[in-house]
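Comments concern the structure below.
A short reminder: the numbers here are calculations on the coordinates, not readings from a lab. What you see is a predicted model; the values in this text were computed from it and never measured. Positions of Cβ are backbone-derived with ideal geometry, glycine not excepted, and every protein chain shown enters the neighbour counts.
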Amino acid sequence: MLQRFLKAFFLLILTLGTAGAQPPEPKREIVIGLNPSERAENVQKNADLLAQMIGQRAGIPVKMFVAHDYSGLVEALRGRTIDFAFFAPLTYIFAEKIADARVLLKAERRGRPYYYGCIIVNADSSYRTLADLKGKEIAWVDPTSTSGHIYPKAALKSLGIDPDTYFGKQTFAGGHDKVVLSVINGTIAAGATYCNDTLGESGSWTQLGDGAYNRKVRPIFFSPPIPGDNMATSQFMLDAYPQLVRKVTAAVQSLTADSAGKALMQQMYHVDAMIPATSADYDPVRRAAELMNLDITGKVRSGEGAPTDSASAAKANQRQQERAKNAMISYIVLAIGLVAGVIALTWLTLRERRNRRALVRETSAGAAAPANSSTAQYLLQNLSVVYRDSKGGEFTAMRGVNLEINRGEFIAVIGLSGAGKSTFLRCLNRMNEPSAGTLLFNGKDITHAAGAQIVEVRRQVGFVFQQFNLVKTITVLQNVLTGRLSRTGWFNSMIGRYSRQDRQLAVRYLTQVGLADKLNNRADRLSGGQQQRVAIARALAQQPNVILADEPMASLDPKLSEVVLQILQRFNRQESITVIVNLHVLELARRYADRIIAFRKGEVAFDGKPDELTPEIIEAIYRMENEELHRL
Ligand code: ADP
Ligand code: MG
């Protein structure tokens, strides 16, 4: 792992100098990122239509990127995977700090650019005021939710109520719908969620569940108004493509001018109109974040006030200082990088030499001879993984797993979040070391393999990560060529000297995943779906016997997920590569896998063919118990 990191790091350092100097290419399409929110399915369903409508109005093709979570959206803007984003207010504050986000438009509902956080209780309960909730359990949406956590909590604090001592217990339910359901089902006394007015006429409970929850909920406390969610771009886009930004802003603003656009915005976000916004509109959110002591980047900037001449001069001055500071930081990073590079180089040389010697020793001493006559590609016997923390605490993430995996299988691994899927997968290429039991790979015992033996395992096993893990500043082709690292030797790869065969191989796999026309594009200029295809091509260029993919489509929308699975399926069938993929969408697992393995609390809860999965088994695999709900 460290070795890979150092190689990637060195490549990055080598390309750093040239990367920043490139002038922006003209844009042929734009990518807009969407908040997943609690209506993820709804958003995904309508995303294409929204793209089409904005594209027609702005006169440029538009693609949508539905992020997996809020931080994914911020990261995508920072990495320039997306050009614009629809943000929730608090996420925007983060994005401004981290990704240089600049707000353009904000949402207006019922004639007001505000909404509220409110605390709700079951309509049949006797709770009427905050005082009734003392010592009771309350559900918040999640730590970063503006209306479902930050605002109502800050409002309580400003009234002198400390939620940490006032309530008997606090829980993060994981979504507005889950908060509402907990309150309706009576499992939790109160919950925090969003509402559009302070009369309680319209809120999450009237908008979720198609009106079924309308009269079952009573709001008893409202936060101050929250500035609406917004659409933003980045400072980079404003500098590089000012005209394009203006066009897209106008296009989004005009969406609600006709009935089709209005209906779509209503359906997706319950928005009546998008109106111009400034950063100062979000000062109240900054203050709430401050009151909550939220550590965004250390300090919370104060408002910018009206744009007077002296203010803009000061701002320009500040920007210039920032630029000078950034340049200085770049030089320091470069210098540190070069020193680190030299150290890495020496270290890698010594290590590779040692590994090679060890491999020769092991092979000649017969240490690699089969330890078991089984023909299985993987054999897991009573395998367990125990994680230990720095305070000596232990957690058994995988317990007594027995499995036989044969060459050429296409296996989907399913289970709740935290069930142990990633732990299992990371054992198979020995990113995790098992704590007990035996792990055989092609008959060889690799349970506690080290050094050259691990290098040999990883050479045969390609890993595709959820977040792609590409080197952002180098080209697509160079990224895929790094898949050849374990076969070319690091020195050649580091100076960019790959053989013609390596290049042909990389081009072949990029062509097969449909990216022949993107070879020389910078990796971070590609959309999420394209980046994941580069990651697959990189794994394939390694010419592995096995591909392990850990939720490779979690950051992609459903259509792109299918493309990724289809590519994996093709290589599984055509080249008999064993594919083991962690998947959270059951439907996709059923459709693509020959065999499904389900984990529950670190144990194998099901192992069989997709059609053997009965509703009872599915229920047992996905049943949430209290502790799991609380961990959300
Ligand atoms: P999944 O991929 O199914 O969501 P994981 O394998 O990531 O599950 O995690 C299984 C359990 O092990 C979870 O409870 C998780 O919190 C815990 N866990 C995972 N990685 C570590 C780690 N490095 N240290 C401690 N606990 C961990
Ligand atoms: Mg996982």
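Distance from the Cα centroid of region 515-585 to that of region 210-224 is 43 Å (rounded to whole angstrom).
For region 114-226, the antiparallel share of DSSP beta bridges with both residues in that region comes to about 70%. Take each peptide in 414-420, 445-451, 581-587, count the other Cβ atoms within 10 Å of every residue, and average; sorted highest first, the result is 414-420, 581-587, 445-451. Taking the fewest neighbouring Cβ atoms within 10 Å as the starting point, the ordered list for Ile220, Ile567 is Ile220, Ile567.
Give the relative contact order (percent, whole number) for region 378-631; include only Cα pairs under 8 Å separated by 6+ residues. Relative contact order of region 378-631: 27 percent.
One chain, two ends: Ser158 and Ala280. Fully extended at 0.36 nm per residue, the span grows by 41.8 nm beyond their Cα-Cα distance. Sorted ascending by nearby beta carbons within 10 Å, beginning with the fewest, Thr249, Thr375 become Thr375, Thr249. Converting phi to 3J(HN,Hα) with the Karplus coefficients 6.51, -1.76 and 1.60 and the offset θ = phi - 60°, region 575-581 yields 10, 6, 7, 6, 10, 10, 10 Hz in sequence order, with x at every glycine or proline. Where Rh is the Kirkwood radius over the Cα pairs of region 172-284, the temperature 4 °C and the viscosity 1.567 mPa s, what D in µm²/s does Stokes-Einstein return? Taking Rh from Cα pairs, D becomes 78 µm²/s.
Highest mean first, the peptides 330-339, 596-605 sorted by other C-beta atoms within 10 Å per residue fall in the order 596-605, 330-339.
Arranged from fewest to most other beta-carbon atoms within 10 Å of their beta carbon, Ile275, Ile32, Ile454 become Ile275, Ile454, Ile32.
The simple Förster model, with R0 at 51 Å and r as the Cβ-Cβ distance, assigns Ser126 and Arg407 a FRET efficiency of 0.20.
Here the relative contact order of region 114-226, from alpha carbon pairs under 8 Å that lie six or more residues apart, stands at 45 percent.
Note: relative contact order over region 487-614, using C-alpha pairs below 8 Å and six or more positions apart, is 17 percent. Couplings 3J(HN,Hα) for region 163-180, derived from phi with the Karplus relation 6.51 cos²θ - 1.76 cosθ + 1.60 (θ = phi - 60°), are x, 5, 10, 5, 8, x, 7, 10, 9, 9, 7, x, x, 5, 4, 5, 4, 4 Hz, where x marks Gly and Pro. Each of the peptides 609-622, 539-552 was scored by the mean count of other Cβ atoms within 10 Å over its residues; in descending order, highest first, they stand as 539-552, 609-622.
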